[in-house]
1. Only one residue in A:Gly78, A:Gly62 is touching a His at 6+ places or on another chain (Cβ under 8 Å), surrounded by 16 or more Cβ atoms within 10 Å (Cβ to Cβ) and under 22 Å from B:Glu78 (Cα atoms), so which one is that?
2. Among the listed residues B:Thr86, B:Thr110, B:Thr99, identify the single one that is in contact (Cβ under 8 Å) with a residue 12 or more places away in the chain and at the interface with chain A (Cβ under 9 Å from one of its Cβ atoms).
3. Which residue pairs have Cβ atoms closer than 9 Å, lie 6 or more positions apart in sequence or on different chains, and pair a first residue in the stretch A:71-91 that is free of Cβ contacts under 8 Å to residues at least 24 places away in the same chain with a second residue that is part of a loop (DSSP other than H, G, I, E, B)?
4. Go through the stretch B:33-151 and tell me which strands (runs of 3 or more DSSP E), entirely inside it, have 2 or more residues that are of a type in the set (D, E, K, R) and open to solvent by 40 Å² or more (accessible area, probe 1.4 Å).
5. Give the residue, chosen from B:Gly85, B:Gly134, that is at pLDDT below 95 and closer than 29 Å to A:Gly77 by Cβ.
6. Can you tell me which of (1) over 28 Å from B:Asn71 (Cα atoms); (2) among the basic types (Lys, Arg); (3) in contact with a strand residue (DSSP E or B) (Cβ under 6 Å, 6 or more places away or on another chain) is the one A:Arg54 doesn't meet?
7. Among the residues that make up the stretch A:2-10, is at least one of them loosely packed, with under 15 Cβ neighbours inside 10 Å, under 23 Å from A:Arg92 (Cβ atoms) and out of contact with any strand residue (DSSP E or B) (no Cβ under 7 Å at 6 or more places or on another chain)?
Amino acid sequence: MTEPTRIRATVTAGVTQVRLMAAHPMETGRRRSPEGALVAAHHITDLTVLHEARVVLQARFGPSVSRDPYLVFSFVGGAPGETVSVSWRDNRGEQRSDTATIR
Amino acid sequence: MDRSRRSALKAGGRIGLLAWLTAAGVLPVSAATVAPVFSIKGVDAVMQALGAGGARESEAVDILAAEIVENGAMVSVEVNSRLPGTRQMALLVDENPTTLAAVFALPEGTLPQLQTRIKMAQTSHVIAVVEAEGGFYLAKREIKIVQGGCG
């Protein structure tokens, strides 16, 4: 099961700032459980942010990105009521998309 | 891993990061598959794979981060570029088991300024590689880690 990505998008003077946090364990594959067994690698590999239908950021992650990946960036354009959506997939093929409204 | 995927990624490294990202984006993701560039160790080798072997240090690229960080599991890092035509940014951690942390493609209209959080196993240089007009540029910054965070 995956949890929703938290997205906040606010527009100021024609520039939209996006803050997002994707819920994901981002296991490197090197950590050991309290029982001593290696925890299998499990991390996001691709993350894409769209403004309406336009790509505004495309990211590729390795396991060195922190748990619950957090990103802040801005793009020119955007208006209140328009949408920003975040999609990711991980190394196990799990995927998730979430959408927020620009404020 | 099958041969065509491997050679496609190799070729991608030669023709540039953007093409590589595009190529990688359309390939299917199978269980436990990690793109080869993320499994390469060492800053020089990763830069070669990104097509950024000849990157020059630039004062127009800044890495903003604390000098000393208590917990290496969450190190906040911001990369800023003032280089015209900035379209790619990559973050590398010299002393991590996985050198390449993340690669970002910035389409036109996206500002060349990004903040994220990475893991650091120990005190290390963090390297930001930027592709802009005229090629690849980089900035370096040492971040001291009190307690490593690569699990």
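1. Values: A:Gly78 fails: under 22 Å from B:Glu78 (Cα atoms).
Going through A:Gly78, A:Gly62 in turn, the sole match is A:Gly62.
2. On the way: B:Thr86 fails: at the interface with chain A (Cβ under 9 Å from one of its Cβ atoms); B:Thr110 fails: in contact (Cβ under 8 Å) with a residue 12 or more places away in the chain.
After ruling out the rest, the residue left standing is B:Thr99.
3. If the second residue must be part of a loop (DSSP other than H, G, I, E, B), the pairs left are A:Gly81/A:Ile102; A:Gly81/A:Arg103.
4. Working: elements: B:61-64, B:68-71, B:75-81, B:88-93, B:100-105, B:110-118, B:124-132, B:135-147.
Fully inside the stretch B:33-151 and qualifying: B:135-147.
5. On the way: B:Gly85 fails: at pLDDT below 95.
Going through B:Gly85, B:Gly134 in turn, the sole match is B:Gly134.
6. Answer for A:Arg54: the failing condition is (3).
7. Yes: one or more hits.
The values are calculated or read from the model by the stated rules, or taken from the named source; none is laboratory data. The structure displayed is predicted, hence computed values, not measured ones. Quick reminder, even Gly has a Cβ in these numbers, built from the backbone with ideal geometry, and neighbours come from all protein chains shown. Accessible surface is based on the protein model in full, side chains and every heavy atom, while ligands, DNA and RNA are left aside. Shrake-Rupley method; radii C 1.70, N 1.55, O 1.52, S 1.80 Å.
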